[in-house]
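Nothing in this text is a laboratory measurement; each read-out follows from the coordinates by a stated rule. Predicted model, so just to flag it, every value in this text is computed and none were measured. Please note: Cβ atoms are built from the backbone with ideal geometry, for glycine as well, and neighbour counts cover all protein chains shown.
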Amino acid sequence: MLKKTPLHSYHVQRGARMVEFAGWEMPLLYTGIVEEHQHTRRVASVFDVSHMGRIIFTGPEAKGLLQRVCTRQLGTAEVGQCCYGHVCNEDGGILDDVIISRYEDRWLMVCNASNRDRVLAWLRQHAPQTGVQIDDITESTLMVAIQGPASLDMLSRKLPFPIAGLKRYRFLAGSYFGTRYTIFRSGYTGEDGAELILPASVAPLLTGLLGGGDGGESGLRPAGLGARDTLRLEAGMPLYGHELHEATDSLSAGLPWCVDLNKDFIGRDRLRQIAADGPARRLVGLALEGRRIARQGATVVQADKPVGEVTSGTFSPTLQQSIAMAYVRSDLAKPGSRIAVDLGGRVVPAVIVALPFYRRKTA
């Protein structure tokens with residue numbers, strides 16, 4: 001049986017098209033992917049991301065465990081800071097991409113829904129016998145993302161938390177009338193915004209506070225997984241199972257900034273070798289001619305020879321351009337290189353472009 005998030009009734013009442021995703025029943029769309037995408041870029045949307053794993057670490061050895069399993073340097077993380085990183089196997093392959101946040105008395109890891117069980121098993125396998133407690137709070141909490149250029153202004157008016165001065169990848173945590181909360185300034189759309197973690201029991205109060213997501217043209221609206229995917233693709237953000245998986249690594253994926261090769265972590269030796277030799281292939285952006293979409297697995301070719309593979313593709317609602325991400329041979333990864341993509345027997349010309357495809361305007 002599929003799991004249901006605490007906001008399931010909210011989605012059903014608003015006519016969402018529900019689909020299976022990583023063992024959860026989730027909203028794919030409400031009014032349409034393109035409409036929800038464009039509203040997020042123009043104003044703000046609320047996304048239910050309660051399916052994502054939330055794991056708490058406490059005890060004197062918690063930081064040591066996270067340092068051991070994560071590529072990111074966490075030793076210098078400040079209280080109130082979030083750090084994106086990867087959990088790797090011994091060969092440097094990516095088991096998951098995660099965000100780790102440091103509280104006063106604990107650490108939080110947010111992982112992908114599809115990887116939650118194996119990440120938990122991996123963490124427990126490598127945890128010391130004593131000194132660290134690992135608690136999965138996924139199903140006792142909810143998590144929502146409010147994303148878009150108007151999101152922070154809207155939240156500042158609605159929430160009793162001082163979020164206006166919160167910096168990117170920082171968070172606030174506390175208790176309000178007995179309800180524990182965490183609010184992060186982060187997201188997965190390429191827009192400004194925040195993500196909130198609250199007890200599952202307050203779901204009805206949350207939907208009322210946010211106006212039920214019925215804000216019209218100038219207000220907050222709900223958006224589903226479909227728009228979340230097109231938004232993150234325009235923003236050049238990798239998705240586990242597409243750009244990231246055990247058969248690739250952080251350096252080939254163009255994410256060396258989340259790897260500290262000077263600290264000891266699982267997979268470090270292999271990543272050091274890749275860094276020394278240079279990745280054999282690299283993740284790039286593609287701009288395709290025409291409106292046809294390059295799907296995951298499509299072959300990238302040059303002079304009729306395979307040189308790579310598409311990982312994600314869509315027709316960008318913002319750019320009005322067919323775009324994709326792909327792994328290609330490193331010698332072809334420079335922006336401006338001309339290649340082509342085999343779309344089921346029809347070869348479509350394309351050019352390699354720098355990521356991200358879209359970057360939000362800042363004041």
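Measure off 7 Å from each Cα along the Cα-to-Cβ vector at residue 242 and residue 137, then give the distance between these two points in nanometres to one decimal.
Between residue 242 and residue 137, the simple spin-label model gives 3.0 nm.
Treating the range 188-253 as a set of equal point scatterers at the Cα positions, no solvent, please give the Debye-formula log₁₀ I(q)/I(0) at q = 0.28 Å⁻¹.
Result of the Debye calculation: -1.24.
Helix-only mean residue ellipticity at 222 nm, the chain, DSSP H runs n ≥ 4 weighted -39,500 (n - 2.57), per residue, nearest 500. What is it?
When only DSSP H runs of four or more count, the value is -5500 deg cm²/dmol.
Once R0 is set to 45 Å, what does the formula 1/(1 + (r/R0)^6) return for the Cβ-Cβ distance between residue 180 and residue 19, expressed as a FRET efficiency to the nearest 0.05?
Efficiency, rounded to the nearest 0.05: 0.90.
Could you work out the longest stretch of the chain that avoids the GluC sites (Glu not before Pro) located in DSSP loops with at most 10 other Cβ atoms within 10 Å?
105-363
Take the Cβ-Cβ distance between residue 205 and residue 319 as r, set R0 to 41 Å, and report the resulting FRET efficiency rounded to the nearest 0.05.
The calculated FRET efficiency here is 0.60.
To the nearest 20 debye, what charge dipole does the range 142-242 have about its Cα centre, counting +1 at the Cβ of each Lys and Arg and -1 at the Cβ of each Asp and Glu?
Charge dipole of the range 142-242: 380 debye, to the nearest 20.
Using the C-alpha gyration tensor of the range 280-353, what are the square roots of 5 times its eigenvalues, in whole angstrom, with the largest one first?
After diagonalising the Cα gyration tensor, the semi-axes are 17, 13, 11 Å.
Which semi-axis lengths, in whole Å and largest first, follow from the square roots of five times the eigenvalues of the Cα gyration tensor of the range 159-312?
38, 24, 12
If you only keep lysine pairs separated by 8 or more in sequence, or across chains, how many in the chain come under 29 Å at the Cα atoms?
Final tally of qualifying lysine pairs is 9.
Taking 7 Å along the Cα-to-C-beta vector as the label spot, tell me the residue 331-residue 277 distance in nanometres, rounded to one decimal.
1.6
Can you tell me the length gained on complete extension of the stretch residue 118 to residue 130, counting 0.36 nm per residue apart and subtracting the Cα distance?
Gain on extension, residue 118 to residue 130, equals 2.2 nm.
Would you mind calculating the gained length between residue 157 and residue 354 on full extension (0.36 nm times residue separation, minus the Cα-Cα distance), in nm to one decimal?
My answer for the length gained is 67.2 nm.
For the chain, what number results from the quotient of the Cα radius of gyration and 2.2 N^0.38 Å?
Output field value: 1.00.
Give the percent of DSSP beta bridges with both residues in the chain that are antiparallel, rounded to the nearest 5.
Looking only at bridges with both residues in the chain, the antiparallel portion is about 95 percent.
For a paramagnetic label modelled at 7 Å from the Cα of residue 293 toward its Cβ, which residues of the range 1-31 fall within the zone defined by backbone nitrogen distances under 13 Å?
Only 29 pass the distance filter.
If you average the sequence gap of Cα pairs under 8 Å that are 6 or more apart and divide by the length of the range 280-353, what percent do you get for the contact order?
Relative contact order here is 39 percent.
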